[in-house]
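Working notes for the structure below.
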Amino acid sequence: DCREILLPTMTEQLKYHLERQEDLEACCQLLSNILEVLYKKDVGPTQRHVQIIMEKLLRTVNRTVISMGRDSELIV
């Protein structure tokens with residue numbers, strides 16, 4: 001139930017900071033942590049939540065990665 005409230009807020013904040021290229025390391029860490037939790041087997045149904053993230057953030061994440069270039073320490 002908490003994810004229903006928190007996930008839209010978190011994705012909007014992540015999108016805001018990624019579009020402005022602010023605190024990229026923190027954004028990467030937060031998105032990684034969210035996805036790690038959603039891929040655990042004991043957290044209930046997550047397909048809808050992953051879909052929300054993909055719809056709201058995939059384009060922004062792709063653009064951010066492209067603009068960073070290969071020299072960025074955040075790209076592994």
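The values are calculated or read from the model by the stated rules, or taken from the named source; none is laboratory data. Since we're looking at a predicted model, the values are computed, not measured. Cβ atoms come from the backbone with ideal geometry, glycine included; neighbour counts cover every protein chain shown. The accessibility values were calculated without ligands, DNA or RNA, using every heavy atom of the protein model including side chains. Shrake-Rupley method; radii C 1.70, N 1.55, O 1.52, S 1.80 Å.
Considering only region 38-51, I want to know if a residue exists there that is of a type in the set (A, V, I, L, M, F, W, C), at pLDDT 90 or above and loosely packed, with under 14 Cβ neighbours inside 10 Å. Working first, answer last.
To start, the set of residues in region 38-51 that are of a type in the set (A, V, I, L, M, F, W, C) comprises 38, 43, 50.
Narrowing the set further to residues that are at pLDDT 90 or above leaves 38, 50.
Still in the running and loosely packed, with under 14 Cβ neighbours inside 10 Å: none.
No: region 38-51 contains no residue that is of a type in the set (A, V, I, L, M, F, W, C), at pLDDT 90 or above and loosely packed, with under 14 Cβ neighbours inside 10 Å.
Does region 66-74 contain any residue that is open to solvent by 70 Å² or more (accessible area, probe 1.4 Å) and within 15 Å of the chain's Cα centre (by Cα)?
no
Within region 1-21, can you find the residues that are open to solvent by 80 Å² or more (accessible area, probe 1.4 Å) and charged (D, E, K, R)?
D1, E4, E12, E19, R20
Can you confirm whether region 22-29 contains a residue that is open to solvent by less than 60 Å² (accessible area, probe 1.4 Å) and farther than 19 Å from V65 by Cα?
Among the residues of region 22-29, not one is open to solvent by less than 60 Å² (accessible area, probe 1.4 Å) and farther than 19 Å from V65 by Cα, which makes the answer no.
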